[in-house]
């Protein structure tokens, strides 16, 4: 019996595996739109263990699995004993006997690693405190579709909280594929040194380039894509907003920031959800508190023709579908391991 093919963190991937996943995602996307998709995963069952709520990630996993003929069980914190009255190890051993694969979205990277160690079936990281690999795959697919040139010639600048999971995964996956990845953030919000070192090593092998800086102009100059995320992540206390707004206001993406790239073709990326106006409870509160109508990004940029945010959201489904197929369908296990 071959070892399960997990997706736990971007640093475990190889350039070859990422490119295989992107190519398979492209094929599956075309097949879905043409109505020719073949269900490869019939008689498979997948568990979604979510400690954190989700719109895009849950929906993408469910639709991807169902399109491919797999059954899905969604388990939220109120429906599970895991970590409360049953250990993660015990839960993994039970679910591994019932399901063919497990997706985990939650707080600690250690939890998804433990699930993978004991489940005996493929385990996929649907977001932890450290990594968000399915988001990075969707980002790469989106840029490949819209850059008009090979990914090895693409430059992307992430502005904002460079210490979060989205920035870390973008940095690592981009480095593996040979992109020019810049993180523009205050020094206290740069990616952790271990992640930067690993990405730098990967970039050396791939011909890519990475940068983490608080110099906004050097970071955005010539960028093909500007990328951002909410300034306070799920699970962080609301008290963080005061410090984050003060530190990150200069890194807000608006029309002026797009102009600072000097590239009239720069496009905008965001993993969503976004605080881009005051139509939500959070948006209204932040507008009243800090005078920002649109926090990390202005509404005119978010809704502009340069914005690819909804293409990104759709691509979560296609890349997740590729991950499921490559993990569970023997015909798609082209290379061993990640």
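The values are calculated or read from the model by the stated rules, or taken from the named source; none is laboratory data. What you are looking at is a predicted structure, and each value in this text was computed from that prediction instead of being measured. Quick reminder, even Gly has a Cβ in these numbers, built from the backbone with ideal geometry, and neighbours come from all protein chains shown.
The strands (runs of 3 or more DSSP E) found wholly in the stretch 136-222 and carrying at least 2 residues that are outside the structural domain of residue 124 (by TED's automatic domain parsing), in contact with a helix residue (DSSP H, G or I) (Cβ under 8 Å, 6 or more places away or on another chain) and without any contact (Cβ under 8 Å) to a residue 40 or more places away in the chain occupy 180-184, 209-213. Identify all residues within the stretch 87-118 that are outside any loop (DSSP other than H, G, I, E, B) and within 19 Å of residue 57 (Cβ to Cβ); write none if there are none. Result: 95, 101, 102, 103, 104, 105, 109, 111, 112, 113, 115, 116.
Based on this model, can you work out whether residue 62 counts as buried (at least 16 other Cβ atoms within 10 Å of the Cβ), in a loop (DSSP other than H, G, I, E, B) and free of Cβ contacts under 8 Å to residues at least 40 places away in the same chain? No. In this structure, does residue 18 turn out to be more than 25 Å from residue 144 (Cα to Cα) and touching a residue at least 24 places away in the same chain (Cβ under 8 Å)? Considered against the rule, which asks whether it is more than 25 Å from residue 144 (Cα to Cα) and touching a residue at least 24 places away in the same chain (Cβ under 8 Å), residue 18 comes out as no. Residues in the stretch 112-126: is at least one surrounded by fewer than 21 Cβ atoms within 10 Å (Cβ to Cβ), under 15 Å from residue 10 (Cα atoms) and modelled with pLDDT of 95 or more? Yes, some residue in the stretch 112-126 is surrounded by fewer than 21 Cβ atoms within 10 Å (Cβ to Cβ), under 15 Å from residue 10 (Cα atoms) and modelled with pLDDT of 95 or more. Here 183, 210 are screened, and the one residue that is farther than 21 Å from residue 128 by Cα, modelled with pLDDT of 95 or more, buried (at least 16 other Cβ atoms within 10 Å of the Cβ) and touching a strand residue (DSSP E or B) at 6+ places or on another chain (Cβ under 9 Å) is 210. Tell me, yes or no, whether the stretch 45-52 has at least one residue that is part of a loop (DSSP other than H, G, I, E, B), farther than 14 Å from residue 321 by Cβ and in contact with a strand residue (DSSP E or B) (Cβ under 6 Å, 6 or more places away or on another chain). Yes.
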